[in-house]
1. Just the number, please: buried accessible area between B and A, total of both chains, 1.4 angstrom probe, nearest 100 square angstrom.
2. Could you give the dipole magnitude of chain A about its Cα centre, charging the beta-carbon of Lys and Arg +1 and that of Asp and Glu -1, in debye to the nearest 20?
3. Can you tell me the Rg and Dmax of chain A, counting just the alpha carbons, in angstroms?
4. Sequence neighbours fewer than 8 away in the same chain don't count; with that in mind, list the lysines whose C-alpha is under 25 Å from A:K52.
5. Could you sort A:L110, B:L92 by accessible area so the largest value comes first, with the probe set to 1.4 Å?
6. For the protein assembly as shown, what % of the accessible area comes from carbon and sulfur atoms, probe 1.4 Å?
7. Can you list the residues of region A:88-112 that have at least 40 square angstrom less accessible area with all protein chains present than in their chain by itself, probe 1.4 Å?
8. Just to be sure I understand the interface: list residues from region A:19-62 that lose 50 Å² or more of accessible area between the chain on its own and the complete protein assembly, 1.4 Å probe.
Amino acid sequence: DAGVTQSPTHLIKTRGQQVTLRCSPISGHKSVSWYQQVLGQGPQFIFQYYEKEERGRGNFPDRFSARQFPNYSSELNVNALLLGDSALYLCASTLGAEETQYFGPGTRLLVL
Amino acid sequence: GIQVEQSPPDLILQEGANSTLRCNFSDSVNNLQWFHQNPWGQLINLFYIPSGTKQNGRLSATTVATERYSLLYISSSQTTDSGVYFCAVDPLTDYKLSFGAGTTVTVRA
C-alpha cells in the first residue's frame, strides 16, 4: 500500500506570495494533520482535520489555512509568505482521530 | 500547553554500544509516540506507547504514564541508527500532537 504522499517535494517562493501544499493520506485513513518543522527543531502542530472537519489548530497566524476534501486528501495554504515560513512542512495521516500518525516525506519550502 | 523535554540533546555512540533516551512530559496524555527522523527528513514511527513496554528488534520503549516519562533503548547500535529521535505526546485536553526538541544520535563505525 502507498504511504502518505505530499507534493511538491521542494518549492521556492518570494516574500508576499501564496503557496498551496498537498497531501494524500494512506488509503482508508480519515484524519490528516499538518506540521511545520524549522531547521534544528521538532515539528510544530498546525492543523488536524478529521472527516473533513477541523479538529485542532496550533498557534499559527490566520495566514495559514487548510481544508480536507471528500476523498480525505488535504491542502495547506499559506498567504503573504514571510522569510520565517521557510521550513519542512509535514503531513501525517491516521485511521481515526487519535491513533498512530504516519508521516509523509514533507515539502521543503524556501521563502526568499 | 504541554511541555515535552528530551534528553540528552546529542549522543555520540560507538557502533555496538547501548544507549537510553529519555522523554519527560508535563501533563497527562492520551498517547505517546517515538519517531526516528532520517537525514532526508522522513519521520518513521518506532513506537506507539501510551503506557507499558514494547520491543521491536534492537529497540525497546517504556512509558510510565503516572510519572510522566518515557524511555527509548537502543541496543547494539548500528550506523543506520543515526538520526534524530523525537518523542511526541497527545494531551488529554486537545488534539495537538506536541513534539520534543529531539535527541540527535550519531553512531560511529
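1. 1600
2. Using only the charged Cβ atoms, the result is roughly 360 debye.
3. 13.1, 38
4. A:K30, B:K96
5. Highest to lowest solvent-accessible surface, that is B:L92, A:L110.
6. So the carbon and sulfur contribution to the accessible surface is 49 percent.
7. Residues passing the criterion (a loss of at least 40 Å², heavy atoms only) are A:E98, A:T100, A:Q101, A:F103.
8. Output list: A:P43, A:F45.
The values are calculated or read from the model by the stated rules, or taken from the named source; none is laboratory data. Because the structure is predicted, anything quoted here is derived from the model rather than measured. Please note: Cβ atoms are built from the backbone with ideal geometry, for glycine as well, and neighbour counts cover all protein chains shown. What goes into the accessible areas is simple: the full protein's heavy atoms, side chains included, and nothing from ligands, DNA or RNA. Shrake-Rupley method; radii C 1.70, N 1.55, O 1.52, S 1.80 Å.
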